[in-house]
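Working notes, structure below.
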Amino acid sequence: MVAVVAGAYRISVRMLNRLFEGEAYGVAELIRHLRLEAVYEDLRDPRLQNLTILAIGMRHGIFSQAHLTRPFRAKYGVPPPEFRRGYINSVA
């Protein structure tokens, strides 16, 4: 993941990581954070209710239910299915 970003900008992984020194997130952490935020927003989107949670994760580069559920629960306090049900019920 970090190597792909570094390659896209034609810099070394080491240089990319140096650019993030002193920031709130490192490169890998920032990518994970942005992916989780995107999943969070998609789970709230009523137009995407027909998609499975894994399909939503896959839209954002997360290809395993476990790799989605653990960090989502850590960040938002509930697993994705529970979040989705609670959000849909609160809006309805």
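None of the figures in this text is laboratory data; all of them are computed from the coordinates on show. Keep in mind the model is a prediction, meaning the values are calculated, not measured. Here the Cβ positions follow ideal geometry from the backbone for every residue, glycine too, while neighbour counts run over all protein chains shown.
Numbers below:
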quantity	calculated
Filter pass, TYR40 being of a type in the set (Ser, Thr, Tyr) and farther than 18 Å from GLU82 by Cα	no
Residue within segment 42-65 that is surrounded by 14 or more Cβ atoms within 10 Å (Cβ to Cβ), in contact (Cβ under 8 Å) with a residue 40 or more places away in the chain and part of a helix (DSSP H, G or I) present	yes
Complete set of residues in segment 1-19 that are in a loop (DSSP other than H, G, I, E, B), farther than 27 Å from ILE56 by Cβ and in contact with a helix residue (DSSP H, G or I) (Cβ under 9 Å, 6 or more places away or on another chain)	TYR9, ILE11, SER12
